[in-house]
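Asker: Before I ask anything, here is the structure I am working with.
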Amino acid sequence: MENRFVYADNAATTPVAPEVVAAMTPYLTEYWGNPSSMYSKGREARRGLDEAREKVANLLGAQPNEIYFTSGGTEADNWAVKGGARYMRKKQGRTHVITSTIEHPAVLRSCEALEREGFRVSYVAVDKNGILDMEKFKAELDDDTAVVAVMFANNEIGTLQPIEELTKLAHEKGALMFTDAVQAIGSVPVNVRELGVDMLSLSGHKFNAPKGTGALYMRRGLKIDKYIDGGGQERMMRSGTENVAGIVGLATALELAVSRLPDTERIRKMRDRLADYILKNIPHTIYNGDPVRRLPGNLNISFEYIEGESLLLLLDMAGICISTGSACSSNSLEPSHVLLSIGLPAEKAHGSMRVSLSHLNTDEDVDYIIEKLPGIVARLRAMSPIYPGEGK
Ligand SMILES: *Cc1c(COP(=O)(O)O)cnc(C)c1O
């Protein structure tokens, strides 16, 4: 097969959809007014903003006044975790937070910030498949718990957590429930009413909207502290002139993503075909994460005796974009905290590859990965002094 470009890192970011660009463009060229201005130029922008909020709310099963637009997933996570915990301490004197060991750094670092403010944080472990240990969770939950923050879907191994069940348990103890749904949006149905959560975060660039766009759903009546002080935008909660074009883009992208949900079966089949091929044909491989309770496009495999960054670079030379949980690819010296949490030894975490497929991927993309990957893995292993050879 001739050389192709295969983008298989959709959990990192996604390209902006042409329909999204088309929906945004008038808000950059024509309706560029300030939505807070009362003359017609401002009202045009206000209309776009209001329509976008309504659309996002409808698609999530929320009310428009429960949607707060943010600069992305990281900001929404920070706001929910820190804001939720501080609110519950102020209101009810609660000083405990529960999260999982496999959260996104936006949540983990926010929890650490809360620890510096005197909160006690329980980092609940996951099982070897990456599913939250419910017994350990129940043992941590009590009347002092202010917030439970557990992600809907993991960004590295794609595992889906039992959010509805966790929400029921959290509410029985009077705690707030927050879920980071950044990876779930567009891949699995997400409805805040059905889930019962108090807060939920999402990020535009993970579903074909521009980077720097996101939202926090906050249940009506819950008035945690505002996040940014200033002119009072976002109903006094998050000041700053709204990113109107970005917000319109986010709403359009969400609509497209939800309409495509039936297509996820095709994505799941491509993922499974790739997984089956790798596990049958490349020796010394480990399938990471849960085989069933996971995002349809996510595949995470460890290749023993190789380094993830070497694999990433050689695949890149072949035109294939994937990511790795190896240390050098992150901003730390440690391999992926998620892979370590599911019990993978560091050397096996170093040899991990994450493939994240989207609706834009095709069977030919999978064929191409299947054509290139085995040779690259074999080449790298041939250079390894500790590789015992096939079948050993
Ligand atoms: C990407 C991601 C974030 C951060 O979102 P940004 O918009 O990039 O700040 C948070 N949580 C999860 C699970 C993610 O995958």
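Asker: Does segment 10-18 include one or more residues that are more than 23 Å from LEU295 (Cβ to Cβ) and modelled with pLDDT of 95 or more? Before the answer, list the steps.
Answerer: In the first step, residues of segment 10-18 are kept if they are more than 23 Å from LEU295 (Cβ to Cβ); the result is 18.
After this cut, where a residue has to be modelled with pLDDT of 95 or more as well, the list is 18.
Yes, the conditions are met somewhere in segment 10-18.
Asker: A further question on this structure: Restricting the first residue to segment 34-57 and requiring it to be in the same structural domain as ARG235 (by TED's automatic domain parsing), which pairs with a second residue that is of a type in the set (Asp, Glu) meet a Cβ separation below 7 Å and a spacing of at least six or different chains?
Answerer: If the second residue must be of a type in the set (Asp, Glu), the pairs left are PRO35/GLU242; LEU49/GLU242; LYS55/GLU255; ALA57/GLU66.
Asker: Taking helices (runs of 4 or more DSSP H) that do not extend beyond segment 326-392, which have at least 3 residues that are under 19 Å from the mean Cα position of the chain (by Cα)? Step through it out loud before you land on a result.
Answerer: Values: elements: 337-341, 346-350, 363-382.
Result: 337-341.
Asker: Which pairs have Cβ atoms under 7 Å, sit 6 or more apart or on different chains, and link a residue in segment 266-294 that is of a type in the set (Ser, Thr, Tyr) to one that is assigned to a strand (DSSP E or B) and crowded, with 16+ Cβ neighbours inside 10 Å?
Answerer: The qualifying pairs are THR285/ILE301; THR285/SER302; THR285/PHE303; TYR287/ILE301.
Asker: Same structure, new question: Limited to segment 283-309, what total is found for residues that are buried (at least 17 other Cβ atoms within 10 Å of the Cβ), among the hydrophobic types (A, V, I, L, M, F, W, C) and in contact with a strand residue (DSSP E or B) (Cβ under 7 Å, 6 or more places away or on another chain)?
Answerer: The qualifying residues number 4.
Asker: In this structure, is LEU274 assigned to a helix (DSSP H, G or I), surrounded by 17 or more Cβ atoms within 10 Å (Cβ to Cβ), in contact with a Leu (Cβ under 7 Å, 6 or more places away or on another chain) and not assigned by TED's automatic domain parsing to the domain that holds HIS350?
Answerer: Working: assigned to a helix (DSSP H, G or I): yes; surrounded by 17 or more Cβ atoms within 10 Å (Cβ to Cβ): yes; in contact with a Leu (Cβ under 7 Å, 6 or more places away or on another chain): yes; not assigned by TED's automatic domain parsing to the domain that holds HIS350: no.
Taking the combined requirement at face value, the residue does not satisfy it.
Asker: Separate question: Could you list all residues from segment 65-75 that are away from the ligand (no atom under 14 Å from the Cβ) and touching a Leu at 6+ places or on another chain (Cβ under 6 Å)? Talk me through it step by step, then tell me what you get.
Answerer: Quick first cut of segment 65-75, residues away from the ligand (no atom under 14 Å from the Cβ) only: 65-68.
Within segment 65-75, just TYR68 meets the criteria.
Asker: Is there any pair linking a residue in segment 93-107 that is surrounded by fewer than 21 Cβ atoms within 10 Å (Cβ to Cβ) to one that is part of a loop (DSSP other than H, G, I, E, B) and small (Gly, Ala, Ser), with Cβ under 8 Å and at least six apart or on different chains, and which?
Answerer: THR95/GLY118; THR101/ALA125
Asker: Filter segment 141-166 for residues that are in contact with a strand residue (DSSP E or B) (Cβ under 8 Å, 6 or more places away or on another chain), free of Cβ contacts under 8 Å to residues at least 40 places away in the same chain and surrounded by fewer than 22 Cβ atoms within 10 Å (Cβ to Cβ) and give the result.
Answerer: Passing the criteria: only PRO162.
Asker: Answer yes if at least one residue in segment 146-156 is of a type in the set (Phe, Trp, Tyr), within 16 Å of the ligand (Cβ to nearest atom) and outside the structural domain of MET353 (by TED's automatic domain parsing), and no otherwise. Give the derivation first.
Answerer: Let us first name the residues in segment 146-156 that are of a type in the set (Phe, Trp, Tyr), namely 152.
Narrowing further to those that are within 16 Å of the ligand (Cβ to nearest atom): 152.
In the following step, the residues that additionally are outside the structural domain of MET353 (by TED's automatic domain parsing) were identified as 152.
Checked segment 146-156: at least one residue is of a type in the set (Phe, Trp, Tyr), within 16 Å of the ligand (Cβ to nearest atom) and outside the structural domain of MET353 (by TED's automatic domain parsing).
Asker: Counting only residues that are assigned to a loop (DSSP other than H, G, I, E, B), surrounded by fewer than 24 Cβ atoms within 10 Å (Cβ to Cβ) and on the phi < 0 side of the Ramachandran plot, how many does segment 189-202 have?
Answerer: Taking segment 189-202 as the starting set, the residues that turn out to be assigned to a loop (DSSP other than H, G, I, E, B) are 189-191, 196-198.
Then keep just the ones that are surrounded by fewer than 24 Cβ atoms within 10 Å (Cβ to Cβ); that gives 189, 191, 196.
Then drop every residue that is not on the phi < 0 side of the Ramachandran plot, which leaves 189, 191.
Matching residues across segment 189-202 total 2.
Asker: Residues being part of a loop (DSSP other than H, G, I, E, B), in contact with a strand residue (DSSP E or B) (Cβ under 9 Å, 6 or more places away or on another chain) and more than 16 Å from the ligand (Cβ to nearest atom): count how many of those fall in segment 206-225. Reasoning before the result, please.
Answerer: From segment 206-225, those part of a loop (DSSP other than H, G, I, E, B) are 208-213, 219-225; that's our starting set.
Cutting the leftovers down to in contact with a strand residue (DSSP E or B) (Cβ under 9 Å, 6 or more places away or on another chain) gives us 209, 211, 213, 219, 222, 224.
Checking the rest, the ones that are also more than 16 Å from the ligand (Cβ to nearest atom) come to 219, 222, 224.
Number of matching residues: 3.
Asker: Could you tell me how many of the residues in segment 223-234 are within 19 Å of GLY33 (Cα to Cα) and either in contact with an Asp or Glu (Cβ under 7 Å, 6 or more places away or on another chain) or in contact (Cβ under 8 Å) with a residue 24 or more places away in the chain (or both)?
Answerer: 3
Asker: Answer yes if at least one residue in segment 47-64 is more than 28 Å from the chain's Cα centre (by Cα) and away from the ligand (no atom under 16 Å from the Cβ), and no otherwise.
Answerer: Within segment 47-64, the first condition is being more than 28 Å from the chain's Cα centre (by Cα), and the residues that meet it are 47.
Right, trim to away from the ligand (no atom under 16 Å from the Cβ) and you get 47.
Within segment 47-64, one or more residues are more than 28 Å from the chain's Cα centre (by Cα) and away from the ligand (no atom under 16 Å from the Cβ).
The values are calculated or read from the model by the stated rules, or taken from the named source; none is laboratory data. Bear in mind the structure is a predicted one, so any value in this text is a computation, not a measurement. Neighbour counts are summed over all protein chains in view; Cβ atoms, including those assigned to glycine, are modelled from backbone coordinates with ideal geometry.
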